[in-house]
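Written out below as structure tokens is the structure these notes cover.
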Amino acid sequence: MAWNLDSDRPIFLQIVERIQTDIVSGRYHAGDKLPSVRELAAEAAVNPNTMQKAFTELERMGLVYSKRTSGRFITEDSHMIEQLKTSLATEKIQEFIRLMQQLGFENEEILALMQQTMKGEKL
Amino acid sequence: MSTLVECKNLTKKYGSRTAIDNIDLAIESGHIIGLLGPNGSGKTTLIKMMNGLLTPTSGSLYMKQNPIGPTSKKHISYLPDHTYLNMNQRVRDIVSYFADFYEDFEPKRAYDMLEKLSINPDDRLRTMSKGTKEKVQLILVMSRRADLYILDEPIAGVDPAARDFILNIILSNYDPEASILISTHLIADIENILDEVIFIQNGQIRLTASVDDIRGNQGKSVDTLFREVFRC
Amino acid sequence: MLGKLFKYEFKNTAKVMLLIYAVLIVTTCIGTLALRSTIRFDSIGADPSPVVTMLIVGAIILYILSLFAFFIVTYVYMCMHFYKTMYSAQGYLTHTLPVKQLTTFHVKLATSFVWMFIALLLFIGSVFALLNSVTDGEFWQIFSQEFITGFDSELAAMGFHTAGLIAQFLFSTVLSCLTYLLWVFASASIGQLFSSNKVLASVVAGIILYFINQTLSLIVLLASGYFNTIFSGSDANSEVALMNNSLLSANNIYAILVVIVLYSICNVIVRKHINLE
């Protein structure tokens, strides 16, 4: 199944984000081997060149490293994965707060509403 | 990375009508390039000249420093915009024909893809539906290990499922050392697989750009940009 | 590559051509049987029923018609095959093979020529076989003895030689096969230069080429003194022979020129002006 990609942002960035999410969500574990560029490009229905570019970016960030003959692996640095998890979460929360502010909510109201909603869900 | 095709001052006239107007263009290896333009903009004319089916009126056209001829044809795999095979032949015969003439043709890949599609190689082309014929042609073209694949409107008039299948065949056979030039006017359908685009209008190049640049710098999809550039 | 081109060219045309040849052979057999049976009826003084006579006459007419049809069908098929594989949709494949376009053209010309030439030999063979069978083998005897040895001395006196005549016959056969093929090939090549109505343009080009050829050959006839001798009323045998000889050679030279011109048209267009719009 082709990945769902936006058409107004560079695809390699969207792939990077998606693999980041897969790492923090535990779909890929520290030290896991990644599929090859070709396999993943076919799965995502994107150009292998674009997938290559995304991998290069992930390597630059240190999330992925490559062994010369055996392929690419997720970093074994669990501290770095934790950091990534936090920063992705922060990004999402900031985005959420921005949206809520657009709707006219103050920070306290947002917090209260969130607590209420989460309780409601538990029920 | 090297230059595959180079046009300089390339012009093609049909009588008094100018189909290609003094084009300078270079196609590099290692890219999937969209040749995008409205109907009648000169896409097919340009492609036919690259394949030796039309003779330029003036200007030069080289493939890896060679003029268009036997050497260039050895390295270009071309899918025309309509069916072009002998309809009386069986798929198997056409496969061996391609294998005989194109050194870079890999019959095994062709048979694997045919099997995946459950197309019987002993069937004759004329017994097949239009869509199946087109798939057979694409399979033949993509079973070569060419330097440049030129696909003229490969997804025109097909349903979304067939389109996904076609894009899948193209991508799974693409060797990143090679280049693919895809002409189409259906941009939204293929823009996710392109890394470069060439906009062509009235026989002139309006724009050449990388897709990441268009998206990253302008925050627009290629389709949106195309609609802006070619707004009537 | 050349070998492969020939292989596929013959393979693609063989089915139809062998069928055409087979039809000729069958109709030859039918024609022979029909003729022999009339002779048999005559010799035993029998009077066959009208139905049988009708059948026999029908078979003979069928045979004669098929002889003509045989040539026309062979020729038309070769021309259609050429157009289809060079200038219609199939041309996209023909012209993107990694071979010189001129080489492809040569292969098509040579292949068509071979089929035409074999057709001609079969045609002659068919007539011979028929005559031979009807005359219980006498025809061949007469032909071989009288024509090749007997006539030889008489003809030689007139300045002809059997070997020379056969050579002349072969020569003009080869030339006319080539001329007819190249005439259509050149017309089709000219026709494809046009943006639309390529088939119509080819037909018009063919007609124009035909009239140019007719006009020029008339001029050649005049120039070779054919009419002069007719009107001067000279009737000496030796002069007739001389005139015939010179007429034949002038014709030959003209025929060679026609082939060269038609070939050159094809050559230039195939090399430099392929136009598959």
For chain A, take the longest principal axis of its alpha carbons; what is the angle in degrees between that and the long axis of helix A:11-24, to the nearest 10 within 0 to 90? 70 degrees
Return the sequence-ordered ³J(HN,Hα) values of the range B:143-160 in whole Hz as given by the Karplus equation 6.51 cos²θ - 1.76 cosθ + 1.60 applied to θ = phi - 60°, using x for Gly and Pro. 7, 8, 9, 8, 7, 9, 9, 10, 10, 8, 6, x, 10, 5, x, 10, 6, x
Here the FRET efficiency for residue C:221 versus residue C:260, based on Cβ atoms and R0 = 22 Å and rounded to 0.05, is 0.70
The range B:35-118, Cα convex hull volume normalised per residue, Å³: 148 Å³
Once every Cα of the range A:79-122 carries one equal point scatterer and solvent is ignored, give the base-10 log of I(q)/I(0) from the Debye formula at q = 0.14, 0.26, 0.33 Å⁻¹, two decimals. -0.44, -0.89, -1.02
What does the convex hull of the alpha-carbon atoms of the range B:148-198 project to on average, in nm²? 3.5 nm²
Residue-wise, which Karplus ³J(HN,Hα) couplings in Hz belong to the range A:76-81, taking 6.51 cos²θ - 1.76 cosθ + 1.60, θ = phi - 60°, and x for glycine or proline? 9, 7, 5, 4, 5, 5
Pairing the Cα long axis of helix B:91-101 with the longest principal axis of chain B, what angle in degrees results, from 0 to 90 and rounded to the nearest 10? 60 degrees
Applying the Karplus parametrisation 6.51 cos²θ - 1.76 cosθ + 1.60 with θ = phi - 60° to the phi angles of the range C:129-144, what ³J(HN,Hα) value in whole Hz is obtained for each residue in order, glycine and proline being reported as x? 4, 5, 4, 4, 5, 5, 8, 6, x, 5, 4, 5, 4, 4, 4, 5
Write down the Kirkwood hydrodynamic radius of the protein assembly as shown, to one decimal in angstroms, obtained as one divided by the mean of 1/r over all alpha carbon pairs. 30.8 Å
Along each of the three principal axes of the Cα atoms of the range C:79-136, give the extent in whole Å, ordering the values from largest to smallest. 56, 19, 10
Is it possible to state the helix-based mean residue ellipticity at 222 nm for chain B, with each DSSP H run of 4+ residues giving -39500 (n - 2.57), the sum divided by total residues, to the nearest 500 deg cm²/dmol? What is it? -10000 deg cm²/dmol
Cut-off under 5 Å, modelled amide H: who pairs with residue B:31 long-range: B:179, B:180
What order do you get for A:23, A:93 when you list them from fewest to most C-beta neighbours inside 10 Å? A:93, A:23
How many times 2.2 N^0.38 Å is the alpha carbon radius of gyration of the range C:1-136? 1.43
If N is the number of residues in the range A:11-76, what value comes out of its Cα radius of gyration divided by 2.2 N^0.38 Å? 1.00
Calculated diffusion of the range B:127-216, Stokes-Einstein form, Kirkwood radius summed over Cα pairs, 37 °C and 0.692 mPa s, µm²/s: 230 µm²/s
So what's the convex hull volume per residue for the Cα atoms of chain B, in Å³? 129 Å³
Using the alpha-carbon atoms, what tilt in degrees (0 to 90, nearest 10) does helix B:130-142 show relative to the longest principal axis of chain B? 80 degrees
I need C:222, B:151, B:79 ordered by Cβ neighbour count within 10 Å, fewest first. C:222, B:79, B:151
Compute, for chain B, the length of the dipole vector about the Cα centre, with Cβ point charges of +1 (Lys, Arg) and -1 (Asp, Glu) only. Units Debye, rounded to 20. 760 debye
Share of Cα-Cα pairs in the range B:71-171 beyond 23 Å, whole percent, is 18 percent
Shielding by partners for A:45-58, please: the mean number of other protein chain Cβ atoms within 10 Å of each residue's Cβ. 4
Overall dimensions of the range C:161-218 by Cα: Rg and Dmax, Å: 15.4, 53
Mind listing the long-range amide H neighbours of residue A:32? Cut-off is under 5 Å, sequence gap 5 or more, other chains count too, H placed in the peptide plane at 1.01 Å from N. A:74
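All of the numbers you see were taken from the coordinates with simple rules; none came from a lab. Small disclaimer: the values here were computed from a predicted structure and weren't measured. Positions of Cβ are backbone-derived with ideal geometry, glycine not excepted, and every protein chain shown enters the neighbour counts.
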